[in-house]
Amino acid sequence: MDKVRAAAGDRKREYRVEELAEAAGITTRTLRFYRERKLLQPPRKEGRIAWYGEEHLARLRMIGELLERGHTLGGIAELIGAGESGRDVAGLIGLEAAIVAPWSDETPVRLDWEELRSAFGDQLTEENTAEAIAQGYISIEDDGITHVSRRLMDATTELVAEGVPLAAVLDASRRTGEYVDAIAEIFIEVVSEHLLSALSGDAPLPPGEAARLTERILRVRPLARTVADAQFTLAMDRRVRAEYAELLRQRREHGSEA
């Protein structure tokens with residue numbers, strides 16, 4: 001039996017608490033919790049009965065979508081408050097999505113223990129495995145491991161195949177990680193100070209500002225990657241030339257001594 005109330009005339013569909021929770025795919029306890037947190041508009045009262053409308057159902061579905069995207073209830077409350085005060089909620093959501101969107105596009109890869117033994121042999125030690133876990137690259141499963149990046153995994157296996165010990169690869173990875181964290185911190189400081197300073201205050205963003213900041217972030221992200229890549233390759237050029245010059249100098253000295 002359909003419990004949804006359809007009133008006469010132009011009145012929209014209305015729901016009791018249980019009916020609204022069922023339509024939104026949540027429990028009545030969760031619905032009441034949202035009401036207590038003021039995430040849901042007050043219902044229409046008719047005597048002792050509370051009636052909810054389509055706008056309440058839409059709000060609950062929006063809350064569910066935001067939770068799936070990783071928003072906290074506190075953040076959702078702020079977005080709802082922004083909307084109720086006339087600010088552009090869609091723009092704020094888009095801005096947040098642009099800020100926290102992943103920079104990496106790495107594809108995880110799974111390898112079973114036989115594949116790992118074939119790639120690393122007796123270098124597949126507890127110490128090396130623990131180091132890979134500590135660096136956040138792998139997670140252990142009963143039948144093997146999952147590595148966060150197919151590219152990094154392929155590079156590791158190829159370096160080992162060329163004769164570089166796995167322990168040395170992991171050590172280089174750990175030391176490199178310290179520097180790239182520092183590089184990322186520099187970019188964060190630049191972006192925060194010069195591009196997102198409008199977000200540091202309590203004042204609401206002017207109309208259209210969220211959309212403008214979102215477009216700017218999307219333009220800057222590939223530029224940051226380009227700068228980091230160019231800086232690394234230029235540094236490699238300098239270091240390779242310096243190391244090769246030193247190697248030639250040593251060979252000349254040894255030749256003159258002979």
Q. Ranked highest first by average number of other Cβ atoms within 10 Å, how do 236-242, 116-122 line up?
A. 116-122, 236-242
(Q) At most 14 other C-beta atoms within 10 Å and a DSSP loop state: those are the exposed GluC sites (Glu not before Pro) I care about. Give me the longest piece of the chain that has none. (A) 1-105
Q) So how compact is the stretch 135-258: Cα radius of gyration and Dmax in angstrom? A) 22.4, 78
**Q.** Value of Rg to Rh for the stretch 26-164 (Rh from inverse mean 1/r over Cα pairs, i.e. Kirkwood)
**A.** 1.26
Q.
Can you pull out the trypsin sites (Lys or Arg not before Pro) in the stretch 37-75 whose DSSP state is coil and whose Cβ has at most 14 other Cβ atoms within 10 Å?
A. R37, K38, R48, R69
Q | Alpha-carbon Rg/Rh ratio, for the chain, with Rh computed the Kirkwood way | A | 1.18
Q.
Run the helix sum for the chain: -39,500 (n - 2.57) per DSSP H stretch of 4+ residues, divided by residue count, reported at 222 nm to the nearest 500 deg cm²/dmol.
A. -21000 deg cm²/dmol
**Q.** Whole-Å distance, taken between Cα centres, linking the stretch 227-258 and the stretch 10-75
**A.** 67
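Every number in this text was worked out from the coordinates using simple rules, so none of it is lab data. Values in this document were obtained by computation on a predicted structure and should not be read as measured data. Here Cβ is always computed from backbone atoms with ideal geometry, including for glycine, and neighbour counts include all displayed protein chains.
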